[in-house]
Amino acid sequence: MIRELIKVGAGIGYQPLWAVQQELKDGTLIQLLPDYTIWANQLNATYVDRAFLSAKVRSFIDFLNEKISEG
């Protein structure tokens, strides 16, 4: 979804190169700040509201937070 918003001009965003290789090749997207790197182990979880998450999803997010904070 973020990639589609970027493609329609809604703003800029960070996407892994493997996910946008074709768009970069086609010229439908351009790479900004090619020398800028983000921590390689970064992980993002996007969800509407924690109050409406299923127990499984909530548990998974908690697990990821725990593992990431351990380093």
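Mind checking which aspartates and glutamates have their C-alpha under 20 Å from Lys25, skipping anything on the same chain fewer than 8 residues away?
The reachable aspartates and glutamates, counting only those whose Cα sits under 20 Å from Lys25, are Glu4, Asp35.
Tell me which lysines have Cα within less than 24 Å of Lys56's Cα, excluding those fewer than 8 residues away on the same chain?
Output for Lys56: Lys67.
Return the Cα extents of the chain along principal axes one, two and three, sorted largest first, each rounded to a whole Å.
So the extents along the principal axes, rounded to whole Å, are 41, 28, 18.
Out of Gln31, Leu43, Phe60, whose Cα points farthest toward the positive end of the dipole of the chain (charges: +1 Lys, Arg; -1 Asp, Glu; placed on Cβ)?
Projecting each Cα onto the dipole axis, the largest value belongs to Phe60.
Net charge around Lys7, counting only other residues with Cβ within less than 13 Å of its Cβ (Lys, Arg = +1; Asp, Glu = -1)?
Local net charge: -2.
Every number in this text was worked out from the coordinates using simple rules, so none of it is lab data. What you see is a predicted model; the values in this text were computed from it and never measured. As a convention, Cβ positions derive from the backbone with ideal geometry for all residues, glycine included, and neighbour counts pool all protein chains shown.
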